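First up is the structure itself, then whatever we jot down about it.
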Amino acid sequence: MKILVVGSGGREHVLVWKIAKSSRVDKIYCAPGNGGISTLAECVPIGAMEFGKLADFAKEKEIDLTVVGMDDPLVGGIVDVFNARGLRIFGPDKAAAILEGSKAFSKDLMKKYGIPTAAYETFDDADAAAEYLRHSAFPVVLKADGLALGKGVLICNSLDEALQGVRDIMTDRKFGDAGRRLVVEEFMTGREVSVLSFCDGRTCLPMTSAQDHKRALDGDKGLNTGGMGTFSPSPFYTKEIDAWCRENIFKPTVAAMNSEGRPFKGVIFFGLMLTEKGPRVLEYNCRFGDPEAQVVLPRMENDIVDIFEACIDGRLDEIELRFSDNACVCVCVASGGYPTSYKKGFVINGIENFDGKEGYYLFHAGTRLDSEGRYLTNGGRVLNVTATGSDLKEARKNAYEAVEWVSFEGAFFRHDIGKAIDETEA
Ligand code: AMP
Ligand code: GLY
């Protein structure tokens, strides 16, 4: 088979790496890809939002299957463009990707079908939002309705902060058109867990759990980022909680999307909070998490291409997912200044230290190869240093050992990825 992967981050690198393990695959292309991906796939300089060009490329190269990693093209309707041209593609169509594309949609869906989530109100008008907030309890959570690179969520501790948040999101449009509508949500506390789940429109097949660390700095300080590191599995996500979530969250979500005439084929990412009152949905995403995929896929024992095809063909009930009994930790190494402004183009040293080291993986997030064959930094999150271990503590020790093997000017990473697991017996 010939496979095309769309995207350019660490998630796409681990996807390409996992696809390359399939005995059914002869050739992988990635558009646009990155420096690390180019060692496993032929990178083609077509942007992820250039749907027509991507479809032309897939036709010309007789691609058997296209896999989309990123949210923007899915929400923008890449799957509809490919389907209209008779091209096989893994991911939700535009009608289903709205599950991530609009928080107002997903909150209304949860309310209508009784799926547990935080209480909320939606506003199209800044004055009405401000008036509502004057009568709210704090903290309160403000969410821009649309896609905002994981940054359109503000937790406000006072009325002043909340009013400023409304101005930022709705009036000044700091997150662009994503801020045309605003969701104001009840603040919840608890452990967060991410569960990625394959869906074929009817059947929902959850993968092993993971936990992300969204803030930039140690101790959950600093700004929200796309994610600074992950571990899998989450020891807080017990078998009992999993069984409860399957019945009360995962299956009802897939059924709700069906009832709405928006059957979901692809990966639903359930962002959950384990509150005192039970698990609640924080958010849905319509794709693999980044960097959740980097710790989930190295533990998956199935041929992932079989699963992609089963999702497209509605045969997911025939698949049994298998995950190894180990643990995995990913530490993101970022450019100085991320998630605000940072420089690119620094030489990355030590990449070769990962060669031949079993259980250690260096997934590239923002890198590129220059004409002399050197790897240069090319984004905010640059490298995903990933390691497995027999349990989470060992995986964490291994990941932090390996993070010292690479360096570049201005590099920083969090030192406490998976630290919470020290509090448990896991
Ligand atoms: P989201 O993009 O909706 O997952 O929000 C980003 C982050 O904001 C989440 O990972 C949580 O840490 C936090 N967050 C979102 N919604 C809530 C909420 N209702 N209560 C508390 N924290 C939240
Ligand atoms: N790691 C969070 C996300 O992929 O949205």
Report summary line: Within segment 399-426, the residues that are buried (at least 17 other Cβ atoms within 10 Å of the Cβ), under 21 Å from G366 (Cβ atoms) and small (G, A, S) are A399, A402, A411
Query raised in the report: When residues of segment 175-233 are filtered for being touching a His at 6+ places or on another chain (Cβ under 6 Å) and away from ligand 2 (no atom under 14 Å from the Cβ), how many remain?
Result: 1
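Residues checked against (1) assigned to a strand (DSSP E or B); (2) in contact (Cβ under 8 Å) with a residue 40 or more places away in the chain; (3) surrounded by 20 or more Cβ atoms within 10 Å (Cβ to Cβ):
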site: Y338; (1), (2), (3): no, yes, yes
site: S341; (1), (2), (3): no, no, no
site: G345; (1), (2), (3): no, no, no
site: R368; (1), (2), (3): yes, yes, yes
site: S371; (1), (2), (3): no, no, no
site: K397; (1), (2), (3): no, no, no
Query raised in the report: Within the set of pairs 6+ apart or on separate chains, which have a first residue in segment 150-167 that is in contact (Cβ under 8 Å) with a residue 60 or more places away in the chain, a second that is surrounded by 16 or more Cβ atoms within 10 Å (Cβ to Cβ), and C-beta atoms under 6 Å apart?
Result: G150/G226; K151/N224; V153/K143
Report task. Have a look at S194, S234 and point out the one that is closer than 20 Å to F288 by Cα and in contact with a Phe, Trp or Tyr (Cβ under 9 Å, 6 or more places away or on another chain). Result -> S194
Query raised in the report: Restricting attention to segment 130-183, which residues are out of contact with any helix residue (DSSP H, G or I) (no Cβ under 6 Å at 6 or more places or on another chain) and among the β-branched types (V, I, T)?
Result: V141, V153, I155
Query raised in the report: If a residue has to be without any contact (Cβ under 8 Å) to a residue 24 or more places away in the chain and under 17 Å from S102 (Cβ atoms) to count, how many in segment 168-187 make the cut?
Result: 1
Query - Count - residues of segment 237-289 that are on the phi > 0 side of the Ramachandran plot and away from ligand 2 (no atom under 16 Å from the Cβ) - result: 2
Query raised in the report: Do any strands (runs of 3 or more DSSP E) lying entirely in segment 106-224 carry at least 2 residues that are surrounded by fewer than 21 Cβ atoms within 10 Å (Cβ to Cβ), touching a Pro at 6+ places or on another chain (Cβ under 9 Å) and not small (G, A, S), and which ones are they?
Result: 221-224
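We did not get these values from a lab; they are worked out from the coordinates using the rules stated. Only a predicted model underlies this, so the values are computations on that prediction, with no experimental measurement involved. Glycine gets a Cβ as well: all are built from the backbone with ideal geometry, and neighbour counts include every protein chain shown.
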